[in-house]
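K.L.:
Structure in structure tokens, see below.
The values are calculated or read from the model by the stated rules, or taken from the named source; none is laboratory data. Being a predicted model, the structure only gives us computed values, none of them experimental. Every residue, glycine among them, receives a Cβ derived from its backbone with ideal geometry; neighbour counts consider all protein chains shown.
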Amino acid sequence: MRIETVEQVQDLTRGAVLLGTGGGGDPYIGELLLRQELREGRCAEVIHPEDLADDALVVCVAGIGAPTVLIEHLQAKDVCQALLRTLEKHLGRSVDAIIPAEVGGLNSVIPLALGAQIGLPVVNADGMGRAFPHIDMVTYSVYGCPAYPMVLANELGDCVIIEGATSDRKVEDIARAVTGALGAMTYGALYPMSGRDVKDKAIHGSISYSLSIGESIRQARQHSADPVAALLDTLHRPDLQRHARLLFDGKVLDVKRETRDGWHFAKVEMTGLRNPDVHFTIELQNEYLRALHNEKTVCIVPDLIAALDRETAEPLTGERLKYGQRLKIIGVSADPIMRRDECLEVFGPKAFGFKEPFAPLETL
């Protein structure tokens, strides 16, 4: 599969915002970089994990830090290329393919732009099937692939190598501290893995999944159909253990925001359009984590929550929610891998301070 048209890029970024579940960074900058590669005659080649040799070297490339700083620290075209070459020199071998750390938001597009730029394939997979705030919250880490050695660089070319650590959570702590010193926004090459690791430990099909989401919204708009209904038809696949449903249709009453410990925390309060006695709440830490209908949980992490414009189905990040918006909120089940007990220990409700256990969307 190739990403070679502007329409594909637009479909991809729209799907990435939805899978970013409110966070993951706005993919706008990544979209500009990828579109520039297309204008210069280069495209992004996307391969299936099974196309990798077992001994291939596969590396994640991702943005790390505060998404709100991204527009002030625009990425130089060669930043990711330089940090990838630095990691190759450190490892003593060439990288064979790039893989996204997450498929949501900015980090779904940056690997494709880099792949197009330097002619490396991008694997149709990622480590979470959504976005999460910590770099250790990926299936790669859960199943034993360390995040290090890791190379971090900012848009000025300042570069740091993290050689080792006691855990991937410690790598997260170090990377955040370094990122703060380098301007609050860096890019990293991390999680060097074998092709066998990718086949066994990644979530497969995530890039094509993102494309299908954006495509369903676009086609429904073009045919004057209900884009939210079309989207739910695409997402709801019980035969693949994927479920989706409308959680709420209403308007935003209030958004309480707080920046704490480097994270964007928020609580979004909504009410019904015709019944003001109906209440709906979304809680965020960078990403939408829990949704409650009249104080009863109807979707909780790692299952996905998405906020859509109720007329166009345009997915909205948490930073874009504001008073008076008319929204439809949908819930989407996480990939079955993400619901395993060992994964829930790392990115289930307890990891975000919720006392209630995880319950699947389809049972709530």
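K.L.:
Name the single residue that is surrounded by the fewest Cβ atoms within 10 Å (Cβ to Cβ) among those in region 307-326 being within 17 Å of residue 221 (Cβ to Cβ) and of a type in the set (A, V, I, L, M).
P.N.:
316
K.L.:
Please tell me if residue 125 is assigned by TED's automatic domain parsing to the domain that holds residue 85, touching an Asp or Glu at 6+ places or on another chain (Cβ under 6 Å) and small (Gly, Ala, Ser).
P.N.:
Values: assigned by TED's automatic domain parsing to the domain that holds residue 85: yes; touching an Asp or Glu at 6+ places or on another chain (Cβ under 6 Å): no; small (Gly, Ala, Ser): yes.
Answer is no for this residue.
K.L.:
May I ask you to list the residues in region 92-119 that are surrounded by fewer than 23 Cβ atoms within 10 Å (Cβ to Cβ) and part of a loop (DSSP other than H, G, I, E, B)? Lay out the reasoning, then the answer.
P.N.:
Looking only at region 92-119, we keep the residues that are surrounded by fewer than 23 Cβ atoms within 10 Å (Cβ to Cβ), and these are 92-96, 117-119.
Matches in region 92-119: 92, 93, 94, 95, 96, 119.
K.L.:
Being of a type in the set (D, E, K, R) and part of a strand (DSSP E or B) is the filter; apply it to region 277-315 and report the residue that is modelled with the lowest pLDDT.
P.N.:
The first filter runs over region 277-315 and keeps only residues of a type in the set (D, E, K, R), leaving 277, 283, 287, 290, 295-296, 303, 309-311, 314.
Still in the running and part of a strand (DSSP E or B): 283, 287, 290, 296, 309.
On the way: 283: 96, 287: 90, 290: 98, 296: 97, 309: 97.
Applying the filter and picking the extreme gives 287.
K.L.:
I need the full set of residues from region 316-335 which are farther than 20 Å from residue 273 by Cβ and in a strand (DSSP E or B), in order please.
P.N.:
Hit for region 316-335 is 332, nothing else.
K.L.:
Inspect region 178-186 for any residue being within 18 Å of residue 98 (Cβ to Cβ) and of a type outside the set (D, E, K, R) and give the result as yes or no. First the steps, then the outcome.
P.N.:
In the first step, residues of region 178-186 are kept if they are within 18 Å of residue 98 (Cβ to Cβ); the result is 186.
Those left that are additionally of a type outside the set (D, E, K, R): 186.
The answer is yes; a qualifying residue exists.
K.L.:
Which condition from (1) in a loop (DSSP other than H, G, I, E, B); (2) touching a Pro at 6+ places or on another chain (Cβ under 9 Å); (3) crowded, with 19+ Cβ neighbours inside 10 Å is the one that residue 134 breaks?
P.N.:
For residue 134, the failing item is (2).
K.L.:
Something else: Among the listed residues 347, 265, identify the single one that is of a type in the set (Phe, Trp, Tyr) and touching a residue at least 24 places away in the same chain (Cβ under 8 Å). Before the answer, list the steps.
P.N.:
Working: 265 fails: touching a residue at least 24 places away in the same chain (Cβ under 8 Å).
It is 347.
K.L.:
From (1) modelled with pLDDT of 85 or more; (2) in contact with a helix residue (DSSP H, G or I) (Cβ under 8 Å, 6 or more places away or on another chain); (3) not in a helix (DSSP H, G or I), pick out the condition that doesn't hold for residue 81.
P.N.:
Every listed condition holds for residue 81 apart from (3).
K.L.:
Another question, then. Would you pick out the residues in region 201-217 that are surrounded by fewer than 20 Cβ atoms within 10 Å (Cβ to Cβ), part of a helix (DSSP H, G or I) and in contact with a strand residue (DSSP E or B) (Cβ under 9 Å, 6 or more places away or on another chain)?
P.N.:
The answer is 208, and nothing else.
K.L.:
Scan region 7-15 and give yes if some residue there is farther than 22 Å from residue 259 by Cα and loosely packed, with under 15 Cβ neighbours inside 10 Å, otherwise no.
P.N.:
If we filter region 7-15 for residues that are farther than 22 Å from residue 259 by Cα, which is where we start, we get 7-15.
Next cut, loosely packed, with under 15 Cβ neighbours inside 10 Å only: 7.
Yes, because at least one residue in region 7-15 is farther than 22 Å from residue 259 by Cα and loosely packed, with under 15 Cβ neighbours inside 10 Å.
K.L.:
What are the residues in region 84-110 that are among the acidic types (Asp, Glu) and free of Cβ contacts under 8 Å to residues at least 60 places away in the same chain, if any? Talk me through it step by step, then tell me what you get.
P.N.:
Quick first cut of region 84-110, residues among the acidic types (Asp, Glu) only: 88, 96, 102.
Scanning region 84-110 gives a single hit, 88.
K.L.:
Name the residue, out of 189, 220, that is more than 21 Å from residue 334 (Cβ to Cβ), modelled with pLDDT of 95 or more, in contact with a helix residue (DSSP H, G or I) (Cβ under 6 Å, 6 or more places away or on another chain) and outside any helix (DSSP H, G or I).
P.N.:
Working: 220 fails: outside any helix (DSSP H, G or I).
Exactly one residue qualifies, and that residue is 189.
Residue-by-condition table, conditions (1) modelled with pLDDT under 95; (2) of a type in the set (Lys, Arg):
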{"position": "320", "(1), (2)": "yes, yes"}
{"position": "327", "(1), (2)": "no, no"}
{"position": "331", "(1), (2)": "no, no"}
{"position": "334", "(1), (2)": "no, no"}
{"position": "339", "(1), (2)": "no, yes"}
{"position": "343", "(1), (2)": "no, no"}
{"position": "350", "(1), (2)": "no, yes"}
{"position": "357", "(1), (2)": "no, no"}
